[in-house]
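Q: Just dropping this structure here.
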Amino acid sequence: MRADGFSEGLAGVRINGKHGFIDKTGQIVIEPQFISASQFSNGLAAVADQTGTGYIDKSGKIIFWDMIYPLIIN
C-alpha cells in the first residue's frame, strides 16, 4: 500500500495497482478501483479507469463521467 498526502481530509492510496482514498484514521473511504486518481480539490477528485475518466465526490459518488475519451494505457 502506498499513500499520498492528505487533501480535504482524504489521502489517495494505491493498493494492488488500483487507486482509492483513506481518511486520517487509515480507514478506506473509497475502495481502490481506479487506474489513476488526483487529490481532492473543491470537493472533487479526477479519476480514470478502463472505461473513461471523470470526477467523484468525497463519498465516491460519480459526479461526471466521460466514456467518449477513455484513458489509453500502453
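The values are calculated or read from the model by the stated rules, or taken from the named source; none is laboratory data. These numbers were taken from a predicted model, which means no experiment stands behind them. Positions of Cβ are generated from backbone atoms using ideal geometry, with glycine treated the same way; all protein chains shown enter the neighbour counts.
Q: If we scan region 54-73, do we find a residue that is surrounded by 12 or more Cβ atoms within 10 Å (Cβ to Cβ), basic (Lys, Arg), at pLDDT 95 or above and outside any strand (DSSP E or B)? If you could, list the steps in order and put the result at the bottom.
A: Initially, region 54-73 is screened for residues surrounded by 12 or more Cβ atoms within 10 Å (Cβ to Cβ), giving 54-58, 60, 65-66, 70-71.
Subsequent filtering for residues that are basic (Lys, Arg) retains 58.
Going one step further and asking which of them are at pLDDT 95 or above, we end up with 58.
Cutting the leftovers down to outside any strand (DSSP E or B) gives us 58.
Yes.
Q: Let me ask another. How many residues, within region 6-46, are touching a residue at least 40 places away in the same chain (Cβ under 8 Å) and either at negative phi or among the basic types (Lys, Arg) (or both)?
A: Result for region 6-46: 1.
Q: For the subset of region 47-58 comprising residues that are among the hydroxyl-bearing types (Ser, Thr, Tyr) and touching a residue at least 12 places away in the same chain (Cβ under 8 Å), which member is farthest from Gly12 (Cα to Cα)? Give the steps one after another, and end with the answer.
A: Filtering region 47-58 for residues among the hydroxyl-bearing types (Ser, Thr, Tyr) gives 51, 53, 55.
In the following step, the residues that additionally are touching a residue at least 12 places away in the same chain (Cβ under 8 Å) were identified as 51, 53.
Numbers: Thr51: 20, Thr53: 17 Å.
My answer is Thr51.
Q: Return the total of residues in region 1-53 being in a loop (DSSP other than H, G, I, E, B) and among the small types (Gly, Ala, Ser).
A: Taking region 1-53 first, the residues in a loop (DSSP other than H, G, I, E, B) are 1, 8-9, 16-17, 23-27, 35, 38-40, 42-43, 50-51.
Those still in the list that are among the small types (Gly, Ala, Ser) too: 9, 17, 26, 38, 43.
Going through region 1-53 one residue at a time, the tally reaches 5.
Q: Just give me the residues in region 9-24 being closer than 15 Å to Lys58 by Cβ and exposed (fewer than 14 other Cβ atoms within 10 Å of the Cβ), in sequence order.
A: Answer for region 9-24, where residues must be closer than 15 Å to Lys58 by Cβ and exposed (fewer than 14 other Cβ atoms within 10 Å of the Cβ): Gly9, Lys24.
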